[in-house]
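Peer 1: First, the structure itself, so that you have it in front of you.
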Amino acid sequence: MPRSTPIEVASFSRSDEAHIVKTRLEHEGIACLLLDEHVNRIYGQVVSMRLFVESSDAERARKLVMRFRNFQVVDEDESA
């Protein structure tokens, strides 16, 4: 089955936040791609890192990103 189109679900100016969210999404079974990480290291917060997921996972990924940004704990039962 072909993969769906990648969709940007978040951007981050801080590398630590980007990696925490990426790891959380991967833990939930959502494949992620983090772009512009190396550019961000060179130019700092001027360039944001962008997090992409497959379009079929975009809605669920956005909810998890919002929970992270709002410092909400994700219940294991809710993420399924």
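The values are calculated or read from the model by the stated rules, or taken from the named source; none is laboratory data. Model, not experiment: these values are computed from the prediction. Cβ coordinates were reconstructed from backbone atoms using ideal geometry, including for glycine residues, and neighbour counts include every protein chain displayed.
Peer 1: State whether the residues of segment 62-78 include one that is surrounded by 17 or more Cβ atoms within 10 Å (Cβ to Cβ), modelled with pLDDT of 75 or more and either small (Gly, Ala, Ser) or at positive phi (or both).
Peer 2: No, segment 62-78 contains no residue that is surrounded by 17 or more Cβ atoms within 10 Å (Cβ to Cβ), modelled with pLDDT of 75 or more and either small (Gly, Ala, Ser) or at positive phi (or both).
Peer 1: With respect to GLY29, is the statement that it is at positive phi, at pLDDT 95 or above and not in a strand (DSSP E or B) true?
Peer 2: Numbers: at positive phi: yes; at pLDDT 95 or above: yes; not in a strand (DSSP E or B): yes.
Yes, satisfied.
Peer 1: Output the qualifying pairs, or none if there are none: Cβ atoms under 6 angstrom, residues six or more apart or on different chains, first residue in segment 1-30 and touching a residue at least 40 places away in the same chain (Cβ under 8 Å) and closer than 11 Å to VAL65 by Cβ, second residue of a type in the set (Phe, Trp, Tyr) and loosely packed, with under 13 Cβ neighbours inside 10 Å.
Peer 2: Every condition considered, no pair remains.
Peer 1: Count, please, the residues in segment 40-61 that happen to be of a type in the set (Lys, Arg), at pLDDT 95 or above and part of a strand (DSSP E or B).
Peer 2: 0
Peer 1: Among the residues of segment 2-24, which ones are among the aliphatic types (A, V, I, L, M), part of a helix (DSSP H, G or I) and crowded, with 16+ Cβ neighbours inside 10 Å?
Peer 2: Step one: of segment 2-24, the residues among the aliphatic types (A, V, I, L, M) are 7, 9-10, 18, 20-21.
Subset that is part of a helix (DSSP H, G or I): 18, 20-21.
Hits for segment 2-24 are ALA18, VAL21.
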